[in-house]
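Working notes, structure below.
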Amino acid sequence: MPHRNIADLKAGDTLKQFFLLRRVERRLTKDNKPYVDVELADRSGAIKGKIWDDVLQKCPGPLAPCDFIAITGVVKTFQGVPQITVEFIDTVERLKAMGRPLEEFDPDLLMAPSPFNREEMWGNLLDLVNSHMSPPLRDLVLALLHRYKTQFLEWPGAKYYHHAYLGGLLEHTWSMTRHALRSLEVYPDLNGDLVLAGTILHDLGKIRELTGPLCPERSVSGELLGHIVLGWEMIREEARGLEFPDEQLLLSLEHIIIAHHGALEFGSPILPRTPEALLVYYLDEIDAKLHMVRRHLDTDPGEGDFTSFHRALGRSLYRPPDLLENPPATSPSDDS
């Protein structure tokens, strides 16, 4: 059976195909019977599933996040939201070991990528740094970009809400940096090197906070310190190795990193107290929130005038009748 994208599934659909297992939670019903809540993913999105006791007895697992799995099941709805009632589940690894034919297994169908070409975004970002920044911040930014190139190209921008897919960190950084260039045309009195360095490096700590691109979880240091502190540490380490010549300039960059969440309740230990830090904070908010809006409008399964409630945005969204289903994406080469 050909793979059917999660975004296209409807109640009543029967499935026999592969998914990426994003989340596994063992629970008990009111009658004290075990069941498992799972989150299944492919390149088009994610969907929740239930594995009831009778299936668990036939398919005991073990199952773990990041497993590629094969399932059969039926799409149903619960409180208006589609979910899969799983009738069979096993891992691709175990099925291969048993010699089962898996001709239709294609991991590329199961990993959501950035809609933009990652190599083009990477080259565009390097060109931007080289053409719009000056030493010593340019040297620091380039050193960090090259040191963590693989992670920038693969890591998600967040665990759940925005740019939470392969290459999302690079896309978020690239998008914000393009916004920053336009803002600097409006506010030429700001320190452009600081704004661009802060924009490019503000989420650097996600590389240590999140465990990887496939189904990101928070690392131990991510849970205990968070990406703000981890990013500050990574920048400070690199600057020390380069013998960064301007301590005050480095301090101003570190302030942007530490303050980029904008408020104490959102994880920043200090409020933005320079115009450059304030700008980076707002650019981060704009890019993350608009990405959430676009994603929710594109993937919400409802058909009415308003979407379902989005927890992070704190609202439902209006869908104008003439809203385009697939607006054209901006190419990385469109940047100046």
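Overview of results
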quantity	calculated
Estimated FRET transfer efficiency (V81, T150; beta-carbon r; R0 41 Å; 0.05)	0.70
Exposure rank, largest accessible area first [C59, C66; 1.4 Å]	C66, C59
Share of Cα-Cα pairs in the stretch 123-182 lying beyond 13 Å, as whole percent	64
Net charge contributed by nearby residues that have their C-beta within less than 13 Å of T14 (K/R +1, D/E -1)	+2
Surrounding net charge for K76, when Lys and Arg each add one and Asp and Glu each subtract one, Cβ distance under 11 Å	+2
Of the DSSP H helices in the chain, those whose Cα atoms cover at least 30 Å axially and whose Kyte score averages -1.0 or more	275-299
Solution diffusion estimate, µm²/s, Stokes-Einstein, the stretch 64-178, Kirkwood Rh from C-alpha pairs, 37 °C, viscosity 0.692 mPa s	189
Dipole magnitude of the stretch 94-169, debye to nearest 20 (Cβ charges: Lys/Arg +1, Asp/Glu -1, about Cα centre)	380
Cα-Cα P(r), the stretch 95-135, percent of pairs per 10 Å interval	21, 26, 19, 16, 11, 6
With DNA, RNA and ligands ignored, accessible area of W52 (1.4 Å probe; Å², nearest 10)	100
Reference-scaled alpha-carbon Rg (2.2 N^0.38 Å with N residues) for the stretch 3-146	1.43
Most mobile listed residue (E238, E103, E265) in the chain, GNM with C-alpha springs under 10 Å	E103
Semi-axis lengths, Å, the stretch 177-326, gyration tensor of Cα atoms, sqrt of 5 times eigenvalues	32, 20, 13
Kirkwood Rh and Cα Rg combined as Rg over Rh, evaluated for the stretch 152-191	1.17
Rg/Rg_ref, the stretch 202-256, where Rg_ref = 2.2 N^0.38 Å and atoms are Cα	1.26
Accessible area (Å², 1.4 Å probe, nearest 10) - K76	100
For K149, net neighbour charge (Lys/Arg +1, Asp/Glu -1) across residues whose Cβ lies under 12 Å away	0
For the stretch 146-237, fraction of C-alpha pairs farther apart than 20 Å, in %	36
Highest-MSF residue in the chain out of N124, N32, N191 [GNM, Cα springs under 10 Å]	N32
Orientation-averaged projected area, Cα convex hull of the stretch 1-41 (nm²)	3.9
Share of carbon and sulfur in the accessible heavy-atom surface of the chain [1.4 Å probe, %]	52
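The values are calculated or read from the model by the stated rules, or taken from the named source; none is laboratory data. Every value quoted in this text rests on a predicted model; they were computed, and no experiment measured them. Cβ: placed from backbone, ideal geometry, glycine included. Neighbour counts: every protein chain shown. For the accessible areas, the whole protein counts, side chains as well, though only heavy atoms, and no ligand, DNA or RNA atoms are used. Shrake-Rupley method; radii C 1.70, N 1.55, O 1.52, S 1.80 Å.
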